[in-house]
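Take a look at the structure below.
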């Protein structure tokens, strides 16, 4: 068994603030990510078995948890909680109401397991936009995130995150040591769907050469177009300009056509 | 806390049932047809309103959990999945896209482009008036829910657009949307309305939930020279014809 000293209570970083867009202030949506390589665990919450046989690199669906204080204990899978000390015990995790959180077990920069509670941005995006959240959850120094070879995030440190809003689409993304362009993860094609927060975790260990990406998506954050500009000629209008078109079409009012062309892009 | 207390909060989420189609607010057309509150449409497709995504994989996850002998069988299973990039992004499987719109009763036949949003926040419309655009971020024709939006110019500098024919579409007219895999989805017109652009209910029009419907949009009403724009949008709503 891999011996781990989970320094959870000390390094538990919860900076949750309630999201204004959430309708229910009495509970939060909580997903759990296992980002510690090499150890399958059982997760117990408030003394109840919560996630048996939870494997590295897996993510739960979001669970609605009432706002309140939670004690989290993590055991090696199959261990008897009655006779075994937990590998990790985080007491008094305060879950606020109305937030969307991801509780992540991962390595800190030096390779010690820790827990982080990240707040996911679920605010509405403009139509056509996507959100990319990058979280450094790996035993590695500060990194840059490259898109198409150029840094779009610089100097990101464990356990921090950075959030970008972009046009929806695909990017060729890679992770490199801060200030360099030689990928330590990727490059990989990241599809960033419209109206979605794509949350990418860099996890694993640089030293152990098992760095990888874990991906969580939260969709349904889309906005809608503000209108439909679907006519630009004035041909079918009932207004005063229709007669000009008739003149124009018979060649009697070329000047009108010229005027119209100058202004056509506003429709 | 009881053993099941964690999931008591997974109470059935109440679906805010957004009525399909556009509201009557702002309607300006004297010759509108049908009622675009589409209550009839709502009734006919209501059974599609269940949101299986609300409790994803609970059944299969539970089976999986119970299959693990002795692993706290009474614990309600929480669905979990590999979070690797390959797994997550493979879920976005290639879906057929619409390539053609036909309304035979008014000789409307327009190839479709995939369109998005312009820099000014308005829906992108194909420059070519002979074509129409499918709002690619929203529902796809044939989807089980939401409003698939197809829009095109009523006219351009070159003349009338294909979508000008929408002005003459009647109730119950059949609408066909051809997909790139050869599938054809058939719809039936349940209403046509002329709505001032300022009043266009974009939230309903681009709604991604609620009953499945097809929303066709072009321009209409008086041409406003000062804005180089028509005052109104012409909106036609159609609902799926049950093909079973």
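Confirm whether residue B:194 is more than 9 Å from every other protein chain (Cβ to nearest Cβ) and farther than 23 Å from residue B:136 by Cβ.
yes
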- Item | Residue list for the range A:63-91, restricted to those being touching a strand residue (DSSP E or B) at 6+ places or on another chain (Cβ under 9 Å), assigned to a loop (DSSP other than H, G, I, E, B) and without any contact (Cβ under 8 Å) to a residue 40 or more places away in the chain | A:77, A:78, A:79, A:81, A:84, A:85
- Total residues in the range B:71-119, condition modelled with pLDDT of 95 or more, exposed (fewer than 14 other Cβ atoms within 10 Å of the Cβ) and not in a helix (DSSP H, G or I): 1
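Which members of the range B:183-212 meet the condition of being in a strand (DSSP E or B) and either at pLDDT 95 or above or over 22 Å from residue B:124 (Cα atoms) (or both)?
Passing the criteria: B:184, B:185, B:186, B:187, B:188, B:189, B:190, B:191, B:211.
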- Message: Condition first: farther than 13 Å from residue B:149 by Cα and more than 14 Å from chain A (Cβ to nearest Cβ). Now tell me which residues in the range B:197-217 satisfy that.
- Response: B:211
- Hey, residue B:215 surrounded by fewer than 24 Cβ atoms within 10 Å (Cβ to Cβ) and either assigned to a strand (DSSP E or B) or in contact with a helix residue (DSSP H, G or I) (Cβ under 6 Å, 6 or more places away or on another chain) (or both) or not: no
- What strands (runs of 3 or more DSSP E) completely inside the range A:106-209 contain at least 2 residues that are more than 30 Å from residue A:90 (Cβ to Cβ)? A:129-139, A:143-147, A:150-156, A:161-167, A:169-177, A:183-192
- Item | Qualifying residues in the range A:168-188 (those that are under 20 Å from residue A:131 (Cβ atoms) and loosely packed, with under 14 Cβ neighbours inside 10 Å) - the one farthest from the chain's Cα centre (by Cα) | A:172
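The values are calculated or read from the model by the stated rules, or taken from the named source; none is laboratory data. Worth saying up front: this structure is predicted, and the values here are computed from it rather than measured. Here the Cβ is made from the backbone with ideal geometry for all residues, glycine too, and neighbour counts use every protein chain on show.
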